[in-house]
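Each remark here refers to the structure printed beneath this line.
The values are calculated or read from the model by the stated rules, or taken from the named source; none is laboratory data. Fair warning: this is a prediction, and the values are worked out from it, not measured in the lab. Here Cβ is always computed from backbone atoms with ideal geometry, including for glycine, and neighbour counts include all displayed protein chains. Calculation scope for accessible area: heavy atoms of the full protein, side chains included, ligands and nucleic acids excluded. Shrake-Rupley method; radii C 1.70, N 1.55, O 1.52, S 1.80 Å.
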Amino acid sequence: MRLSLLLLLLLPPRSPLAEDPTFPHPGESSQPPPRACPWRCSCPRDDTVDCAGLDLRLFPDNITRAARHLSLQNNQLQELPYNELSRLRGLRTLNLHNNLISSEGLPDEAFESLTQLQHIYVAHNKLSAAPQFLPRSLRVADLAANQVAEVFPLTFGEKPALRSVYLHNNQLSNAGLPPDAFRGSDAIATLSLSSNRLSYLPPSLPASLERLHLQNNLISKVPRGALSRQTQLRELYLQHNLLTDSGLDAATFSKLHSLEYLDLSHNRLASVPAGLPRTLVVLNLGRNHIRQVEAARLRGAKGLRYLLLQHNPLGASGLPARALRPLRGLHTLHLYGNGLDRVPLALPRRLRALVMPHNHVAVLGARDLAATPGLTELNLAYNRLASAHVHHRAFHRLRALRSLDLAGNQLTLLPAGLPVALHTLRLQRNQLRTLEPELLAGLDQLRELSLAHNRLRVGDIGPGTWHELQALQVLDLSHNELSFVPPDLPEALEELHLQGNRISSVGPEAFLGTPRLRALFLRANRLHMTSISAEAFLGLPHLRVVDTADNLEQVLVR
């Protein structure tokens, strides 16, 4: 210890340069010493400085000139000092996400010296205008969630390497977006202008676009030819705008030879747009004013697989027979919340999912579903189906059906002829009073059965009802009129809902046949503290959840 102290006293004073770790000293190894790192920041590599989430109010000093990646997100910065930033000429990534930077705190020449910058993130700040100049080297620019009302020609223009521009959640109108905003930037693939104040689709968009986000604007018109050059566009988002039929023409989408996804939902369209490209895979027309689907409008979209028409006033005659027949590859048809009183006739033969809850369907005939033998999902929930008007052969051809939803109808009996391949059957909120084993026969692949909110009593469940359901894992009998736990439940059962019944006791053998039970719901019954047998749960090694709340007395499961 004394020798070390003596040596320190004999050493000559160090010059200020000696404090600089980059300053070379005689006799040192040729390997460069570790670089300084700003206080409280981390520098996992020589070229990376991470000062994120430190509540910084001032731009940190002592950032090495060797920095290539600088993270300053989630701080309290209000301005960028030009002198500090201009030192960092080698920066490739600058992350300023979620600060308090205003346009006044961002000098016009702020990024002038950053000639190698490739990624800039300034989202969630307080910019009222975009920077007038961004480096030519840029590849990704994120200015989302600011207050930007104006973009300049060299903000995003003349950037040959630029691939992605994010301007969503700003205050851009068409006046604030110049016609030459993207001139000379011929590689932009993703452009997000959603949640702004645009009233029409901007002209002169890059021909290189693959994804264009324009949702949540005030767009009422797509000018003629505005999309004529975007032959590489694959995704176009125009939902939540003010588009009417007069705001589109027959050529609006016809030149989009690569378009696969088109979202026009939440607009004011009265008909299916004309000129849809044959490459289209997904078309969303939900929440419009469409009263009738014309076959001629869909004839060109031969590649369509998903058609969404939910919440339109289609009415009884809104989907004429064979209107969808040209769509031979259609996989999914969504008709939720229309006024249809029958299943549409002559549906495409390859249809796999028909989703039409909340309509007025009151009859299901023997041949209504005969044209779609490949259906795997059928949803007719919350219609007006009564047992007397569901033909016993209505499901006869649906040998591939896996999911059937008939909840919220007026059924008093289980439908006959249920497809044996079913995995999920939903019959909640009907008026079922009896369960007959014959109607569940053969459903040995059924895994989930919901019978909640009916009028079932234990005596109305026929002996052997559960015997066929050897794969059943989830059974919902909640909100019925059961007075005790039904006997002979399926052995594979893992989840049992019995809440909202009239159960007053649980005997020692109630779950003897369900050793795999994991969750049991008994809340809101008529149980007392002593009415659950101590032996009821002994044979249930996998049981993790037992809910007995809201009974007559607080039940403590032992």
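A few comments on the model shown:
- A Förster radius of 25 Å, combined with the Cβ-Cβ distance separating H289 from K255, puts the computed FRET efficiency at roughly 0.45.
- Probing with 1.4 Å while keeping every protein chain in the model, the per residue accessible area of the chain equals 47 Å².
- Value of Rg to Rh for the chain, rounded to two decimals, is 1.15; Kirkwood radius and Rg both from alpha-carbon coordinates.
- Unit charges on C-beta of K, R, D, E only; dipole of the stretch 384-448, Debye: 240 debye
- The solvent-accessible area of K302, taken with every protein chain present and a 1.4 Å probe, is close to 110 Å².
- Each Lys and Arg adds +1 at its Cβ and each Asp and Glu adds -1 at its Cβ; summed about the Cα centre, the chain shows a dipole of about 1860 debye.
- Between A362 and V545, the simple label model (points 7 Å from Cα in the Cβ direction) yields a spacing of 4.0 nm.
- Using a probe radius of 1.4 angstrom, the carbon and sulfur fraction of the accessible surface of the chain is 49%.
- What the Cβ-Cβ distance of R328 and R393 gives, at R0 = 35 Å and to the nearest 0.05, is a FRET efficiency of 0.85.
- Across the stretch 475-533, Cα pairs under 8 Å and at least six residues apart give a relative contact order of 38 percent.
- Net charge of Cβ neighbours under 12 Å - reference A416; Lys, Arg +1; Asp, Glu -1: -1
- Of the whole protein surface, V545 contributes about 60 Å² of accessible area at a 1.4 Å probe radius.
- Remark: accessible surface ordering of H311, H389 (largest first) is H389, H311, probe radius 1.4 Å.
- Entry note, the chain: relative contact order of 4 percent, from Cα contacts under 8 Å with a spacing of 6+ residues.
- Distance in nm between pseudo-label sites at Q470 and R87 (7 Å out along the Cβ direction from Cα): 7.7 nm
- For the stretch 265-371, the convex hull drawn through the C-alpha positions has a volume of 80 cubic angstrom per residue.
- Translational diffusion coefficient of the stretch 403-510 (Stokes-Einstein, Kirkwood radius from Cα pairs, 10 °C, 1.306 mPa s): 115 µm²/s.
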